[in-house]
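The values are calculated or read from the model by the stated rules, or taken from the named source; none is laboratory data. This is a predicted model, so every value here is computed, not measured. Using ideal geometry, Cβ is built from the backbone for each residue, glycine included, and neighbour counts are taken over all protein chains shown.
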Amino acid sequence: MTAVLSLSRISKRFGALTANDAISLDLAKGEILGLLGENGAGKTTLMNILFGHYVADEGEIRVDGKVLPPGEPKAALAAGIGMVHQHFTLADNLTVLDNIVLGTESLWRLRSDHAAARRRIVQLGEDFGLKVHPDAVVSSLSVGERQRVEILKALYRDARILILDEPTAVLTPQEAAGLFDTLKRFVAKGLSIIFISHKLGEIIDACHRVAILRGGKLVAERPIDGVSRGELAELMVGRSVPQPKATARQPGATVLALKAVSARRGQLALRDVALQLRAGEIVGIAGVSGNGQSLLADVVGGVAVPDAGQVRVGAEVLADISPRQMIARGIARIPEDRHAEGLIGDMSITENVVSEGYRGRFSRRGLIDWGNARTFAETVIRDYEVKCPGPEARVRLLSGGNMQKLILGRVMAEDPVVVLANQPTRGLDVGAVAYVHEQLLKARARGAGILLISEDLDELLALSDQMAVMYQGQLSPLMARDQVTIQQLGLMMAGQGFIHVESIDAA
C-alpha cells in the first residue's frame, strides 16, 4: 500500500538519554496504525518530532513523498497532519463553530464568513458521523460530543493524517463504540490514523496494524489479525505480564460509611451520596469524568468538607474533617493527579515519602529524623521496585509509573484501614498497571477497605467486589461485580436506567 507518511531513522537524544533510536515507520493511506509502548518508551517524543515541536537529531519525515521541514508545526498542519489530544483544548464559553474556526482565518480579515463555516461543519459531521450543532456552547456538550468537536477541528483544517492520543480515555463504552464506527468512515474515505492507546483490546478492535516501541526503539510491527493481548503486552515490556484479578472473599465490618452527604465546589456538586465500604472489600466507582467523582474523593480524603450529611470511619462519626484527621484515622490517599497532588516534583524522593507522616514517625522534638527518613525511602525504593538514581533524586526525574510506585509505597507502609485509590492507573502502561493492581489486591487481602474510583471499566470489573455509578453528583446503589456488565454500566454512566440511593443502613 502507498505510504502517506514515512518516518526514516528518527533519533532524538536528551543528554545521555536516547528517547528515539533510529525509528523507521510507515503509515499507509486508509490505514489505522496502533502505536504501543510503556511509559517512557518514546511515543510522545516521536509525535512531538512529527508535529515540529522537537527537531530530530537524525532522520527525516516525508508526507506523500515530500520532506517535512523539521521544527515547523505550521508545516505539519499544512501537510495535512492533525492531532486530537487526550485532554481537550476547547474554550467552554464559545460555540462549537467558534472553537473550530479559531485560528483558521487571517487576523486582517474584516469579518468571518460564519455561514460558509457552518455549512462546512454540518457537511463534515454528516460525512464522518460526527454530528454536533455548530451553535451549541461547548460547556453544554457531553464528553463524547466535545471529542467530536476536537476531531472536527482537525478535519476542518483538511487533515488527512490523524493522530488520536488515548481517544477513549473519558468515553463511555457506547461512545467508544461510536468512535470506532467513525474511524471506519475515515479509512473508507482515504484518511490515515495513528491510534495511541494503553488499552490493548481497543488496539485489536480498531487497528489494522500495530507498532511497538520499547526503550526508544521500534521492537516489533504486527498485523492485527491473529495477535493476542498477551503477545502485545509481552512485546511492550519484554516479559510476560500476568493480570491480577480479585477472587471472592468474605468482607469484614464497615470501615467507612457516608450517609446523605452533600458538598459543592464550583460547578461540581454531590447530592445525598450514600456509600458503605467494608474491611477486605474493593468498592469500585464508575462514571464519566466531571460527574462528581473527584469531589467524592476529596470528601473521603478530608480535602473537602461536606455541607450536609454524615461521614463515619469505623464506629466514629466525624465532627472534624481535614486531611490530617483522615490520615490519623488510617485513610490513605492515592490522588487523581500524581503530579499536582501526589508528589512535589522539585523535592527529593525522601522528602516526598515522609511528607504525610513526618509529624510522628519521622520527627523527634520537632525536628525531622533524616536518617530514619532516608532508610524508609530506601525501603520503599527496594520493595516497590522504583527505578531511580537514589533517595535524594528529584521526583520530577521519575517516569509516571515510578511516581505511582512511590505513592503506593508511602500509602501502604502504614497498613491503612481505608485506601482511597482515585484513577490509580491513569496514563500507565500495561506493566505498571499490573503492578498497581497487585498492590491493591495485597492491601485488600490484609483487610483494608479500598475505594477504587476509575474511568476504566475493565479495571473496575477485574478488581471490584461491588460497584456503583456516579452520575451528575449522585451515586447509584452498590451492585455485585458478577451481576453487572460493561454495557449496563455504560448506559448508567450516560444517565439511562440510573437510580439514585440516598441512604444505607451500615452494619
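Of 415, 458, which residue is under 12 Å from residue 286 (Cα atoms) and out of contact with any strand residue (DSSP E or B) (no Cβ under 6 Å at 6 or more places or on another chain)?
458
Please work out which one of (1) touching a helix residue (DSSP H, G or I) at 6+ places or on another chain (Cβ under 6 Å); (2) among the aliphatic types (A, V, I, L, M); (3) more than 17 Å from residue 260 (Cα to Cα) is the condition residue 304 fails and give its number.
Result: residue 304 passes all but (3).
Every residue, every condition in (1) without any contact (Cβ under 8 Å) to a residue 12 or more places away in the chain; (2) within 28 Å of the chain's Cα centre (by Cα), yes or no:
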{"position": "116", "(1), (2)": "yes, no"}
{"position": "123", "(1), (2)": "yes, no"}
{"position": "127", "(1), (2)": "no, no"}
{"position": "137", "(1), (2)": "no, yes"}
{"position": "143", "(1), (2)": "no, yes"}
{"position": "150", "(1), (2)": "no, yes"}
{"position": "156", "(1), (2)": "no, yes"}
{"position": "167", "(1), (2)": "no, yes"}
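For the range 1-40, which residues satisfy the criterion of being small (Gly, Ala, Ser), at pLDDT below 90 and closer than 20 Å to residue 204 by Cα?
Result: 37, single match.
Criterion first (modelled with pLDDT under 90 and either farther than 22 Å from residue 168 by Cβ or among the basic types (Lys, Arg) (or both)) does residue 107 satisfy it?
Yes; evaluated as a whole, the condition is true for this residue.
Considering only residues that are of a type outside the set (Gly, Ala, Ser) and more than 24 Å from residue 442 (Cβ to Cβ), which ones fall in the range 270-292?
If the condition is that a residue be of a type outside the set (Gly, Ala, Ser) and more than 24 Å from residue 442 (Cβ to Cβ), then 270, 271, 272, 273, 288, 291 are the ones that fit.
Might you check whether a residue that is loosely packed, with under 14 Cβ neighbours inside 10 Å, without any contact (Cβ under 8 Å) to a residue 12 or more places away in the chain and assigned by TED's automatic domain parsing to the domain that holds residue 9 occurs anywhere in the range 73-85?
No.
Of the residues 356, 351, which is closer than 20 Å to residue 384 by Cα and touching a helix residue (DSSP H, G or I) at 6+ places or on another chain (Cβ under 7 Å)?
Being closer than 20 Å to residue 384 by Cα and touching a helix residue (DSSP H, G or I) at 6+ places or on another chain (Cβ under 7 Å) holds for just one of 356, 351, which is 356.
Return the residue satisfying two criteria in turn: it lies in the range 316-369 and is touching an Asp or Glu at 6+ places or on another chain (Cβ under 6 Å) and part of a loop (DSSP other than H, G, I, E, B), and of such residues it is modelled with the highest pLDDT.
Per the criteria, the residue is 335.
Could you please give the count of residues in the range 280-295 that are out of contact with any strand residue (DSSP E or B) (no Cβ under 6 Å at 6 or more places or on another chain) and closer than 25 Å to residue 482 by Cβ?
Number satisfying all stated conditions: 2.
Does the range 434-489 hold any residues that are among the charged types (D, E, K, R) and over 15 Å from residue 423 (Cβ atoms), and which are they?
Selection gives 438, 442, 444, 446, 465, 481, 482.
Can you find, within the range 408-443, the residue that is nearest to residue 199 (Cα to Cα) among those that are of a type in the set (Val, Ile, Thr) and touching an Asp or Glu at 6+ places or on another chain (Cβ under 9 Å)?
430
Could you grab me the full set of residues in the range 117-169 that are at pLDDT 85 or above, of a type in the set (Val, Ile, Thr) and farther than 20 Å from residue 81 by Cβ?
121, 122, 132, 137, 138 - these are the residues of the range 117-169 that are at pLDDT 85 or above, of a type in the set (Val, Ile, Thr) and farther than 20 Å from residue 81 by Cβ.
Just to check your reading of the model, which residue among 468, 421, 432, 462 is out of contact with any Lys or Arg (no Cβ under 9 Å at 6 or more places or on another chain), in contact (Cβ under 8 Å) with a residue 24 or more places away in the chain and either of a type in the set (S, T, N, Q) or outside the structural domain of residue 42 (by TED's automatic domain parsing) (or both)?
Answer to the selection: 468.
If a residue has to be surrounded by fewer than 22 Cβ atoms within 10 Å (Cβ to Cβ), touching a helix residue (DSSP H, G or I) at 6+ places or on another chain (Cβ under 9 Å) and over 15 Å from residue 194 (Cα atoms) to count, how many in the range 20-39 make the cut?
Going through the range 20-39 one residue at a time, the tally reaches 1.
Mind counting the residues in the range 354-383 that are surrounded by 15 or more Cβ atoms within 10 Å (Cβ to Cβ), of a type in the set (D, E, K, R) and within 22 Å of residue 329 (Cα to Cα)?
1
Considering every residue within the range 304-316, establish whether at least one is assigned by TED's automatic domain parsing to the domain that holds residue 274, in contact (Cβ under 8 Å) with a residue 60 or more places away in the chain and not β-branched (Val, Ile, Thr).
Yes, because at least one residue in the range 304-316 is assigned by TED's automatic domain parsing to the domain that holds residue 274, in contact (Cβ under 8 Å) with a residue 60 or more places away in the chain and not β-branched (Val, Ile, Thr).
Could you check the range 194-205 and list, in sequence order, the residues that are out of contact with any strand residue (DSSP E or B) (no Cβ under 6 Å at 6 or more places or on another chain) and at pLDDT below 90?
197, 198, 199, 200, 201, 202, 205
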